[in-house]
Amino acid sequence: MFRPIAFMVTLLLSSAPSWAANVTDFTLGNGMEVVVLEDHRAPAVVHMVWYKVGAADEPLGKSGIAHFLEHLLFKGTDELAAGELSATVSRNGGSDNAFTNWDYTAYFQRIAADRLELVMRMEADRMRDLQMTEDDVKTERDVVLEERNQRIDSEPGSLFQEQSRAAQYLNHPYGVPIIGWRHEIEKLNRADAFAFYQRYYAPNNAVLVVAGDVQPEEVRKLAETYYGPVVPTPDLPERIRPEEPPQLGERRIPFSDPRIAQPYVIRSYLAPERNSGDQVQAARLTMLAELLGGNGATSVLGKKLQFDTQLAVYASAYYDGVSVDKTTFGLIMVPTPGTSLQAAESALDEAVAEFLAEGVDSQQFERLKFQIKASQIYAEDDIQSLARLYGEGLTTGLTIADIEAWPDILLSVTEDEVLDAAREVFDKRNAVTGWLMPTASAEVMQ
């Protein structure tokens, strides 16, 4: 089943840092970067450890090892029993979790500010002292396989997205699913997990972000006490990944499954990522995505396809520039009943062509900039989102200065620059176009 929220990954309300937050950063002697975001309005703290390693850094043939290791870190250490960390956080009124991306893996706890030392001590313990038995590995491997079964293999939409991404990236590891290919997950073992853990889970490959009711000197003292003694990896490898060869023609993916209730058309284009000191093109693409599809009632695609022609029940655009390497810019249209996928694709292309010919609506552009300014205020209300903003940026090559400059760079984008960005990105030679459809009404892609 189609879930629109999965495609809206660049909402402006979560992309601008809070200017009210006091930001302090320093580096421990072992190379661990520490960022403190002060917010004293509530006696709570978010403690996040971000590792600069993800699914795109996995050895060939070991897909899923980064996500698999994320599961294993909730097992025991030399000081903590299996599950003790989460149980302790819960018992103290907090919550914890973790997540894996192609570029990073992060672990976090949200808890009362006076419990910061407790969670820091436990998190530092599992940075280097993870313990796992063969039974632990087998159990978690089965859990991951079942997770893949439920989230991917049993969901035709997820299988379609997985195939489309693999078609987009022929050589770069962004084409490999974060959860891993099933046949490779089945072969992951204890030695694989430990080798990956010992190489990448190190203070000089990590960023600690602490946000909330804390004082920088307090955080520094605790970080030096608990993370400071952790031994770094002396031969930490550089992040060198295979480059994607030039794409010479559009790739098309027809995907049919009898379980599909809602067919749709989606197209993704290779697009530049945000780079340190050079975020202008990413800002233009962010503004373009919001103008085209940020709001169903006011966006270009929403108005043209959902309201004017009534050919779509949903139409949008998406772009997320926070990435180490090239990312994607996407368009999506879910047609109304009775509208064929070929008609939907043609209407989507026509709407984009009209946008390029007509130019940017000045009033809509000004409203969008007003939303960016407002988001700087709203972002203050969620210290966890703010912590995540800094963690994502710092683990993908941005600096604190880049992160804090982002709202102003967005506001400096002009209408002509948005159109220039659109003309550059909308090149079908760099695109993958997919149709998701039920077998019973499968159409032939032109």
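Shown here is the pair-distance distribution of region 134-280: with all Cα-Cα distances grouped in 10 Å bins from zero up to the longest one, the shares run 8, 22, 28, 26, 12, 3 percent. Counting only lysines at least 8 places from Lys138 when in the same chain, those with an alpha carbon closer than 21 Å to its own are Lys62, Lys75, Lys187.
Just in region 93-189: which trypsin sites (Lys or Arg not before Pro) are loop by DSSP and have at most 15 other Cβ atoms within 10 Å?
Filter output for region 93-189: Lys187.
Peptides 191-203, 313-325 ranked from most to least packed give 313-325, 191-203, packing being the mean of other C-beta atoms within 10 angstrom over each peptide's residues. Taking Arg423, Arg220, Arg274 in turn, the Gaussian network model of the chain (Cα-Cα springs below 10 Å) assigns the largest fluctuation to Arg423.
The distance between label points at Gln310 and Asp278 comes to 4.9 nm (points 7 Å beyond Cα on the Cα→Cβ vector).
Here each label is just a point 7 Å from Cα along the line to Cβ, and for Arg199 and Thr439 those points are 4.1 nm apart. The length gained by stretching the chain between Glu84 and Glu354 to full extension, at 0.36 nm per residue less their Cα-Cα distance, is 91.4 nm. Peptides 231-237, 385-391, 368-374, ordered by how many other C-beta atoms sit within 10 Å of their residues on average, highest first, read 385-391, 368-374, 231-237. Each 5 Å bin from 0 upward holds the following percent of the Cα-Cα pairs of region 266-406: 2, 9, 16, 19, 18, 15, 11, 7, 3, 0, 0. Summed over the residues of region 274-379 and divided among them, the accessible surface reaches 40 Å² per residue at a probe radius of 1.4 Å.
Take the alpha-carbon positions of region 188-268, form their convex hull, and give its projected area averaged over all directions (one quarter of the hull surface) in nm². Could you put the intermediate results ahead of the total?
Details: hull surface 49.5 nm².
Averaged projected area of region 188-268's Cα convex hull equals 12.4 nm².
From the largest down, the chain spans 62, 48, 39 angstrom on the principal axes of its Cα atoms.
Accessible area per residue, 1.4 Å probe, Å², for region 217-271: what's the number? All intermediate terms of the calculation are to be shown ahead of the outcome.
Details: 3250 Å² over 55 residues.
Here the residues of region 217-271 average 59 Å² of exposed surface.
Among the GluC sites (Glu not before Pro) in region 50-151, those placed in a DSSP loop whose Cβ has at most 14 other Cβ atoms within 10 Å are Glu79. Farthest toward the positive end of the dipole of the chain, out of Ile372, Val46, Pro438, is the Cα of Pro438, where the dipole comes from beta carbon charges about the Cα centre.
Taking region 239-313, which GluC sites (Glu not before Pro) meet the DSSP loop condition and have no more than 14 other C-beta atoms within 10 Å?
Values: sites: Glu243, Glu250, Glu273, Glu290; in loops: Glu243, Glu250, Glu273.
Loop-located and lightly packed - Glu243, Glu250.
Straight-line cross-link partners of Lys428 among the lysines, defined as a Cα under 21 Å from its Cα and at least 8 positions apart when in the same chain: Lys326. Here the label points at Glu243 and Arg182, each 7 Å from Cα along the C-beta direction, are separated by 3.7 nm in the simple model.
About its Cα centre, the dipole of region 184-314 is roughly 460 debye, where the only charges are +1 on Lys and Arg Cβ and -1 on Asp and Glu Cβ.
The values are calculated or read from the model by the stated rules, or taken from the named source; none is laboratory data. Computed from a predicted model, the values in this text were never measured in an experiment. Cβ sites come from the backbone with ideal geometry, for glycine too, and all protein chains shown count toward neighbours. Note: areas computed on protein heavy atoms with side chains; ligands, DNA, RNA excluded. Shrake-Rupley method; radii C 1.70, N 1.55, O 1.52, S 1.80 Å.
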